[in-house]
Every structure is written in C-alpha cells, then in structure tokens.
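The values are calculated or read from the model by the stated rules, or taken from the named source; none is laboratory data. This is a predicted model, so every value here is computed, not measured. We place every Cβ from the backbone using ideal geometry, glycine too, and count neighbours over all the protein chains shown.
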Amino acid sequence: MIELRNLTKKFGQNTAVDSLSLVVRPGAVTGFLGPNGAGKSTTMKMILGLVRPTSGQVLVDGVPYSRLKDPIRKLGALVDPEAVNPNFTARQHLALMATAGGIGMERVAHLLKQTGLETAQHRRIGEFSLGMRQRLGIAAALLGDPETVILDEPFNGLDVDGIKWLRALTKGLAEQGKAVFVSSHLMSEVEAIADRVVVLAQGRLIADMTIDQLMKANLSTHVRVRSEDDRKLAAAVTKAGGAVRQSSNGTILVNSMEMEEIGKMAKELGLAIFELTSARASLEDLFVELTAGSVEFQGQTALNGRGDAIC
Ligand SMILES: Nc1ncnc2c1ncn2[C@@H]1O[C@H](COP(=O)(O)OP(=O)(O)OP(=O)(O)O)[C@@H](O)[C@H]1O
Ligand SMILES: [Mg+2]
C-alpha cells in the first residue's frame, strides 16, 4: 500500500507535483493517468526515494521507502527500462538482482518464462527491442514477489500480444492481493485493467474515482456531430437532455444521448448531417470534462488541428 500526503516536487520554478494526496490500495489496480509532463514519473520516483520531495510525505506500508525492511519483497518497480547494463544478458541482469536481494534462481527462471523472455535470456540486453526491455523491467519489478508493484508506462513498446499479456498480469497481481500502480498517458490502456483511476494534470490531482464511477459519469464516450446548422442542432439536443460541447475542429460533441436519437432529431429539424460518429473520449476530452470551470487548465489541453487529443 502506498500513501501520498500533500506531496510536492518543485524543479526550480516548475512545480512538477503539487500537493498530491492519494492512496494506492492492496487488491486493486490503480491507473495513474495524465498527459506528458503531468508529473507521473516524478511521483513514482518520489515513492521509490529516487527523487526527494520538496514537501509532503510518501509512505509505503506505513513507512518511507528508505526505512522498509526487505524492500525487494515490499515494493517492485519499473521506472526506467533503459537503466540496465547493455552488456549483461537478461538472465545475468536478473540473477544479479536476485543475488543482491537473497532470492533464489528458480524465481529468475520462473520470471523469464512468465515474461516471455525464456528464449532470449542469454542475449545481451543491448540487442533487445523496447518491448523486450519492458518485459525485462517487469520481470525485475516482480523479482521479490512484492506486495506493491509500480509500473511506469509499462505498455510502451509492447505489441498486441504483449498488451494482452500485461493486462492479464496486472489483473492477476491485484487478484493476489497486491497493490498495483500503473501509469499511462492513454485512457484506453488503463481503463481495461484498473479498478480505480487517478488523473493528474500539471502536477495536480483532478480525479480519483473508481472505473464504475467514471463510467457512470458518462465521460468515456461521446457522439461527434457535424451538421448543416450545428447551433440549431445543439440547442435541440440540449433541450432534450443531451450535454453538448464544441470541439476545436468545428464539430459538436454530445454526451448522454444515443447516436440514433441525434440523427432523428436532425431529420426532424430538416438538417443535413455531414458527420455522426460514436467516439471514445480521449484522455484530453476527459480532462476538459473534469476540469470544466477550472480557468487555469482550460485552453492548455494539447489538441491538434482536428480537435483530437495528441496522446
Ligand atoms: N530532473 C528533472 N529536472 C527538471 N525538471 C524535471 C525533472 N524531471 C521532471 N521534470 C519536469 O517535471 C514535470 C513532470 O515530469 P514527469 O516526467 O514527472 O511527467 P510525466 O507525467 O511522467 O510525463 P510523461 O508522460 O512524458 O512520461 C515536467 O515539467 C518535467 O519537465
Ligand atoms: Mg513519465
């Protein structure tokens, strides 16, 4: 279990993490979401004692990481898959860590198999693809069969099979009772595995909710509409109970209303429809929803010319 209490990190004038308080509970996967630069990695490094907080506290099982007894069995982490000696083989890398942590070689063999690296175990890490390095980093994180697992962007570089494998793995870890903390800048990656999501923007917590609450909030899907007269259609949709907002590429986005209903409404109004698609909300759309009214955040979400999220 991880507890953050008013955790803040400043790099000079830049506040990377701003008074962040949250709990990563056992028996669940907590998704840690936020766009590039939101402060996810900095937070994870503070949990691991790799970055010193400017203020606030981080506790792992009730104590700071540096005071953990037998840390390899308490907390395992993947934070930087490149932080490995490229001249070592995968097996040598894991064996060294295992020896330092008093862990038997059968655990190394088990993890090489579990992460799909069995056949590549005698190859130099320097020859590994990004996905293979991620798998090795995950194996290293799990070496001590830790109670808490932190994975920073573990989906990066994984192929389709790798993504499926990692989803099953993280869910399995939570089912075993472990506290699993997984960061991503993609909603879709985390949504499939997380019991809860924590959303960070510019170092601040903007949402901490269960996936059920997120779905009930109806933020994850919307209908994108472009018609002959969007203003007229938006007024009718709003009157009928739909939630309408404008996207930056001139279409309107509707929540809480089915596509068919909107189509029929346009027909009744005699309006030609140019586009009517059901779309999953991007993380940026979610931010816009969650931060509605927050002047500081508005206008700073990263949108490309089409109004779609970059990440
Ligand atoms: N060592 C450092 N020195 C100075 N600034 C830093 C340092 N590490 C991170 N930052 C800054 O802190 C902020 C948060 O960065 P961080 O890497 O935590 O974001 P992130 O959410 O992990 O982003 P990404 O999705 O790109 O990995 C950024 O503005 C970044 O430039
Ligand atoms: Mg990061």
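Tell me which residues, restricted to segment 78-99, are surrounded by fewer than 17 Cβ atoms within 10 Å (Cβ to Cβ) and without any contact (Cβ under 8 Å) to a residue 24 or more places away in the chain.
ALA83, GLN92, LEU96, THR99
Yes/no per residue for (1) in contact with a helix residue (DSSP H, G or I) (Cβ under 8 Å, 6 or more places away or on another chain); (2) farther than 30 Å from ARG124 by Cβ; (3) of a type in the set (Lys, Arg); (4) outside the structural domain of HIS185 (by TED's automatic domain parsing):
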position	(1), (2), (3), (4)
THR15	no, yes, no, no
ASP18	no, yes, no, no
VAL23	no, yes, no, no
SER41	no, no, no, no
ILE47	yes, yes, no, no
GLY62	no, yes, no, no
PRO71	yes, no, no, no
GLY76	yes, no, no, no
VAL84	yes, no, no, no
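From the list LEU33, LEU22, LEU75, exactly one residue is crowded, with 16+ Cβ neighbours inside 10 Å, within 11 Å of ligand 1 (Cβ to nearest atom) and within 19 Å of the chain's Cα centre (by Cα). Which is it? Lay out the reasoning, then the answer.
Working: LEU22 fails: within 11 Å of ligand 1 (Cβ to nearest atom); LEU75 fails: within 11 Å of ligand 1 (Cβ to nearest atom).
That would be LEU33, the only listed residue that is crowded, with 16+ Cβ neighbours inside 10 Å, within 11 Å of ligand 1 (Cβ to nearest atom) and within 19 Å of the chain's Cα centre (by Cα).
Give me a count of the residues in segment 23-46 that are assigned to a loop (DSSP other than H, G, I, E, B) and within 16 Å of ligand 2 (Cβ to nearest atom).
Of the residues in segment 23-46, the ones assigned to a loop (DSSP other than H, G, I, E, B) are 25-27, 34-39.
Checking the rest, the ones that are also within 16 Å of ligand 2 (Cβ to nearest atom) come to 34-39.
Going through segment 23-46 one residue at a time, the tally reaches 6.
Please state which of the following conditions LYS69 fails to meet, knowing it meets all the rest: (1) free of Cβ contacts under 8 Å to residues at least 12 places away in the same chain; (2) within 16 Å of ligand 1 (Cβ to nearest atom).
(2)
Any residue in segment 24-53 that is more than 22 Å from ILE211 (Cα to Cα) sitting within a Cβ distance under 8 Å of a residue that is assigned to a helix (DSSP H, G or I) and within 16 Å of ligand 2 (Cβ to nearest atom)? List the pairs, counting only those 6 or more apart or interchain.
Between residues of segment 24-53 that are more than 22 Å from ILE211 (Cα to Cα) and residues that are assigned to a helix (DSSP H, G or I) and within 16 Å of ligand 2 (Cβ to nearest atom), the close pairs are VAL51/THR42; VAL51/LYS45; ARG52/MET46; PRO53/MET46.
List every residue pair whose Cβ atoms sit under 9 Å apart, with the two residues 6 or more apart in sequence or on different chains, where the first one lies in segment 254-281 and is farther than 29 Å from GLU191 by Cα and the second, anywhere, is of a type in the set (S, T, N, Q) and in a strand (DSSP E or B).
As it stands, the answer is ALA266/SER227; LEU269/SER227; LEU271/SER227; ALA272/SER227; ILE273/SER227; PHE274/SER227, since those pairs meet every condition given.
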